[in-house]
Every structure is written in C-alpha cells, then in structure tokens.
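Peer 1: Would you mind keeping the following structure in view while I ask a few things?
The values are calculated or read from the model by the stated rules, or taken from the named source; none is laboratory data. Since the structure is predicted, the reported quantities are computational estimates derived from the model, not experimental observations. Note that we place each Cβ from the backbone using ideal geometry, even for glycine, and neighbour counts take in every protein chain shown.
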Amino acid sequence: MKHAVMLAALGIGMVILIGCGGGGKTIPLGLDMRAVPDPPKVRNAPRVAVIPFEDVRSDQTAIGRHQHYVETTVDRYVPVEGSAADQITKFVVDYLTQAGFSVSLLQPGAQPAAGNADVIMTGQIESYWNDAVSKLARTEMTSKNRIRIKLTNLTDKSTTFSTVVGEGMSTVVTFDPGDLARLDSEALGQSLARFLADLVVVDRALKPKREG
C-alpha cells in the first residue's frame with residue numbers, strides 16, 4: 001500500500017512538472033549595433049561590394065535558445081531578418097560603413113558594375129549560436145560565432161581568406177531577449193574587429209598585414 005501511494009505521488013509530480021513546462025515559443029532575435037564598440041576609421045578605405053554570406057551550418061533554422069529555470073520550457077530564437085545569412089550580412093554592411101568604408105550590397109552571385117568597387121567581400125557562417133540558461137536568481141548567456149571571410153581585390157585579382165571567431169559571456173539577474181541580442185552583437189563585432197585589425201590598405205586593395 002505504501003509503495004502504491006509513493007508511485008501515485010511520483011506520477012502526480014511528473015504531471016505537474018510536464019504541465020508547467022510546455023513547448024516554448026519561437027522568438028525573433030535581432031542585432032543591436034548600439035552594443036558594438038565603434039570600430040576605428042580606416043584611412044583611404046577602398047569601396048567594398050558585399051555578396052550575401054552563406055550559412056553552412058547543419059541547422060539553419062535557429063540561432064539560439066532560452067532554457068527556462070526548473071521548467072522544461074525551451075524558447076527557440078530565429079533571426080529577425082529571416083535567415084542567419086541575411087542577418088549577418090546586414091551586420092557586416094553596417095559595421096564596415098561605421099569603419100569608414102563605402103559599401104554596396106550585391107545580390108547572390110552578382111558582380112559589381114565596372115568602376116563601382118575595389119574589393120568584393122563574401123563569406124560563410126560556420127557556426128552561430130546564442131544560448132541563455134536560467135538558473136536560481138540568474139540567467140547565464142553565451143554567444144558564439146565562427147565566420148570564414150573571402151576578399152577579392154579587383155585591382156590585382158588577389159584573394160584573401162580569413163576565419164574569425166567571436167565569443168561573449170554574461171550573467172543577468174532578470175533576463176530579457178534584448179540582453180542576448182546585445183551579447184550576440186558584441187560577439188559579432190569582436191569577429192569583425194579582429195578581421196579588420198589584420199588588414200592594411202594598399203593601393204585601393206585590402207591586404208593581410210603580413211603581406212602589406
């Protein structure tokens with residue numbers, strides 16, 4: 001009898017836990033350029049044409065999640081721009097513009113008109129994920145990205161490849177998706193800052209510093 005009562009209590013507890021959990025929400029997550037430190041201005045910056053980046057992740061549907069405390073609820077984050085490729089491409093255009101470049105955005109596979117650009121930039125998103133895990137009295141957040149960038153200098157047809165990684169971690173007492181959006185933006189800004197820091201302008205071209 002005692003054993004049956006214990007099993008019944010356990011069953012009720014599991015029902016309560018599952019009932020509190022739910023399936024979670026799908027929430028758009030954008031980027032916040034205000035959270036990104038202003039990049040140093042590049043002197044004599046060449047004109048850059050950006051071809052949309054390619055998302056090569058195995059799962060291209062989501063860019064993050066929020067695991068709620070105790071409950072089994074997990075919210076799923078999707079890019080507010082429609083795709084991770086569009087979201088990161090727009091961020092790249094905005095960041096380069098802030099750094100002093102004249103930037104144009106091309107259609108996938110397109111080439112700039114003659115005389116309209118000095119450099120073509122594109123890339124691949126190898127990893128991109130934002131995680132929020134709520135615990136007792138706090139939520140721990142991480143944002144990570146890994147992007148492979150390709151530059152083609154039209155003046156001499158030279159090509160440069162670079163892989164950059166950005167990562168951020170933060171803890172908040174009261175969680176809001178905006179906190180994760182800011183951390184995501186900071187991590188992407190970190191990647192692009194590292195990318196530009198390794199380049200030098202040479203005759204309207206962008207070259208690695210070791211070559212320039």
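Peer 1: Do any strands (runs of 3 or more DSSP E) lying entirely in segment 44-137 carry at least 3 residues that are surrounded by 14 or more Cβ atoms within 10 Å (Cβ to Cβ) and in contact with an Asp or Glu (Cβ under 8 Å, 6 or more places away or on another chain), and which ones are they?
Peer 2: In segment 44-137, the matching strands (runs of 3 or more DSSP E) lie at 64-67, 119-135.
Peer 1: Is segment 126-141 home to any residue that is within 22 Å of G30 (Cβ to Cβ), polar (S, T, N, Q) and over 12 Å from the mean Cα position of the chain (by Cα)?
Peer 2: Looking for residues that are within 22 Å of G30 (Cβ to Cβ), polar (S, T, N, Q) and over 12 Å from the mean Cα position of the chain (by Cα), one finds at least one in segment 126-141, hence yes.
Peer 1: Return yes or no: is L206 at pLDDT 95 or above, surrounded by 21 or more Cβ atoms within 10 Å (Cβ to Cβ) and touching a Gly at 6+ places or on another chain (Cβ under 8 Å)?
Peer 2: Answer is no for this residue.
Peer 1: Can you report the number of residues in segment 49-80 which are modelled with pLDDT under 95 and closer than 18 Å to M33 by Cβ?
Peer 2: 0
Peer 1: Also, quick follow-up: For the condition part of a strand (DSSP E or B), aromatic (F, W, Y), at negative phi and touching a Lys or Arg at 6+ places or on another chain (Cβ under 9 Å), what is the one hit in F175, F161?
Peer 2: F161
Peer 1: Filter segment 153-175 down to residues that are in contact with a Ser or Thr (Cβ under 9 Å, 6 or more places away or on another chain) and surrounded by fewer than 19 Cβ atoms within 10 Å (Cβ to Cβ), then give me how many there are.
Peer 2: 11
Peer 1: List the residue pairs whose Cβ atoms are under 9 Å apart, where the first residue sits in segment 114-142 and is farther than 15 Å from F101 by Cβ and in contact (Cβ under 8 Å) with a residue 12 or more places away in the chain, the second is among the basic types (K, R) and not in a strand (DSSP E or B), and the two are 6 or more positions apart or on different chains.
Peer 2: Sorted first by the residue in segment 114-142, then by its partner, the pairs are I125/R57; E126/R57; S127/R57; Y128/R57; W129/R57.
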